[in-house]
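Below: one structure, written as structure tokens.
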Amino acid sequence: MARKQGSHSDITGPRVLETALRLIAQHGFAAVSMRQIAAEVGVQAGALYNYTPDKQSLLFDLMRSHMADLLNALAAADLQGDALARLEGFTRFHIRFHLPRSDQVFVSYMELRNLAPENFAAIEAMRRDYEDVLEDILRAGEAEGIFAVPDTRVATMALIAMLTGLSHWYREGGRLAMNKIEAIYWDLVRKAVSV
């Protein structure tokens, strides 16, 4: 069926994604219905299927988009220098990328359990690509004799969990500015892996 003349798919499509992201972050994937998303967007429930085949695909698209943006931004950050400089760059990048995206972060980390197995595998592969960058930095730091971690994989997961957790509690306008929080977190990360 052809789209009606004058339809605004370039506006409605992004609104569907933004609304789904906000509702899933607020209420959880299982509690949000396609009908609820449609009502918030201002379209009939059936119209959503012009933008996504089903709710599972919508969740997957939200997570895949977040991870693609993350990986592209990390590649553009072009971390350089010795392992300590790259670790600082990674730490600051992670904080700056994630803090303004608290809904995306929440959905991407807390709703993994709701992905179909093939979608889960795709998102996990993207996450692994991101985690591998940090693990490579930690290995380089061990080779340079400046880092000492009992297990680079465990350290990678622990550091990413600590850095990502910031987006769950930090609010702009709070007691500490983002640059101060960033400096504190960099100090914590550096001390956690230093010899």
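Taking LEU48 as the residue in question, decide whether it is open to solvent by less than 20 Å² (accessible area, probe 1.4 Å), within 21 Å of ILE123 (Cβ to Cβ) and in a helix (DSSP H, G or I). I'd like the intermediate steps shown before the answer.
Details: open to solvent by less than 20 Å² (accessible area, probe 1.4 Å): yes; within 21 Å of ILE123 (Cβ to Cβ): no; in a helix (DSSP H, G or I): yes.
The answer is no for LEU48.
Give segment 90-105 a look and list any residue that's surrounded by 19 or more Cβ atoms within 10 Å (Cβ to Cβ) and more than 20 Å from GLU135 (Cα to Cα), or say none.
GLN104, VAL105
Restricted to segment 3-45, and to residues that are more than 21 Å from SER65 (Cβ to Cβ), outside any helix (DSSP H, G or I) and open to solvent by 90 Å² or more (accessible area, probe 1.4 Å), which residue is modelled with the highest pLDDT?
That would be GLN44.
Looking at (1) exposed (fewer than 12 other Cβ atoms within 10 Å of the Cβ); (2) charged (D, E, K, R); (3) within 26 Å of ALA85 (Cα to Cα), can you tell me which one ASP129 breaks?
(1)
Look at segment 52-78 and say how many of its residues are surrounded by fewer than 18 Cβ atoms within 10 Å (Cβ to Cβ) and not in a helix (DSSP H, G or I).
3
Within segment 111-118, can one find any residue that is under 30 Å from PHE29 (Cα atoms), acidic (Asp, Glu) and loosely packed, with under 13 Cβ neighbours inside 10 Å? Please lay out each step first, then the result.
The first filter runs over segment 111-118 and keeps only residues under 30 Å from PHE29 (Cα atoms), leaving 111-118.
Keeping just the survivors that are acidic (Asp, Glu) gives 111, 118.
Still in the list and also loosely packed, with under 13 Cβ neighbours inside 10 Å: 118.
Taking every residue of segment 111-118 in turn, at least one turns out to be under 30 Å from PHE29 (Cα atoms), acidic (Asp, Glu) and loosely packed, with under 13 Cβ neighbours inside 10 Å.
The values are calculated or read from the model by the stated rules, or taken from the named source; none is laboratory data. As the structure is a prediction and not an experimental result, all values here were calculated from the model. Here the Cβ is made from the backbone with ideal geometry for all residues, glycine too, and neighbour counts use every protein chain on show. All accessible areas refer to the heavy atoms of the entire protein, side chains included, with ligands and DNA or RNA removed. Shrake-Rupley method; radii C 1.70, N 1.55, O 1.52, S 1.80 Å.
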